[in-house]
């Protein structure tokens, strides 16, 4: 099971605010903390003192702090890749290399006496990880984490994301990606339009971003890139991440019947495996609810994402639930009882044949 994480930026906030946020995230089961030391300007001692204090607070909560650094910082602070005591003294659980070395150094770093995790950038699409693996790293200390993208339209496309992620999955390394909070106001740099990994996620509600990753099922850990997510967002992330079955939010039509509500919301739906290009079929509802009448109503033309229940005119199919995968005419035997919430329509592509899922009413 993967972990949830939050990000803090001590240089751009106060210890009190960071500590309160970590307390809140810990309360909702968050275990990872991302933070960055990409450059240290001004009074080094004050910067590190403040940093140490907030890392110590996270450690007291049993959270795992990953510090994002670049090789330039090694030079600035006179740190060598073969002596990572500086980061151990800071209280870090691991360090994330924003830019890497040659492969040999990373492999050597994984065999450090403090068992610090070495996390590398997953968003490059090169053979970087293969190169590191060729130098026999300590595998349980080598992690991968995608980048986040503050500039609108600069986030990863899904095809490239999957290609990069697969390079790490083949070695069974722990992987992570970032989601974007809409309540958060800052990140490591002054300008940011949110901090997601995937561009398509930038404006989606955090619940939908989470469902997207859960249904893709290819990364372990999900971290909020910007600070500070609201309590409601943290709670939502916890719910989606730990849900027994994926949940798709739907809007129902005004004249939906109590029987139809029961079919939609009290059933565990199963995507029938002998798939159609037109319909995602949840056939068991016609068996479980075969005694219910399902009179015809709202038998209008069908569009992608509509939630359908076959009515009494469809004989033995009466009571079967479907989701329309494309537009179709309606000959009067199908009741259009709702549709997938507009922000969640993108999830329709990720529901897999033979998988199970729940339909939930959209929360306003």
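Numerical summary
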item	result
Long-range neighbours under 6 Å by Cβ, at least six apart or interchain, first residue assigned by TED's automatic domain parsing to the domain that holds residue 217 within segment 142-169, second assigned to a helix (DSSP H, G or I)	144/168; 155/199; 167/129; 168/129
Extreme residue, surrounded by the fewest Cβ atoms within 10 Å (Cβ to Cβ), among residues of segment 6-36 that are closer than 16 Å to residue 67 by Cβ and in contact with a helix residue (DSSP H, G or I) (Cβ under 6 Å, 6 or more places away or on another chain)	10
Out of 268, 292, 279, sole residue that is modelled with pLDDT of 95 or more and within 24 Å of residue 207 (Cα to Cα)	268
Conditions (1) modelled with pLDDT under 95; (2) farther than 30 Å from residue 203 by Cα; number of the one not met by residue 124	(2)
Hey, residue 103 modelled with pLDDT under 95 and surrounded by fewer than 20 Cβ atoms within 10 Å (Cβ to Cβ) or not	yes
First in segment 73-98 and in the same structural domain as residue 129 (by TED's automatic domain parsing), second anywhere and surrounded by 19 or more Cβ atoms within 10 Å (Cβ to Cβ) and in a loop (DSSP other than H, G, I, E, B), Cβ under 7 Å, 6 or more apart	73/37; 84/112; 84/116; 87/116; 88/116; 92/116; 94/116; 95/116
Boolean, residue 336 is surrounded by 13 or more Cβ atoms within 10 Å (Cβ to Cβ), assigned to a strand (DSSP E or B) and more than 28 Å from the chain's Cα centre (by Cα)	yes
Pick from segment 347-364, criterion in contact with a strand residue (DSSP E or B) (Cβ under 9 Å, 6 or more places away or on another chain) and not in a strand (DSSP E or B), ranking: farthest from residue 280 (Cα to Cα)	363
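The values are calculated or read from the model by the stated rules, or taken from the named source; none is laboratory data. Every value quoted in this text rests on a predicted model; they were computed, and no experiment measured them. Please note: Cβ atoms are built from the backbone with ideal geometry, for glycine as well, and neighbour counts cover all protein chains shown.
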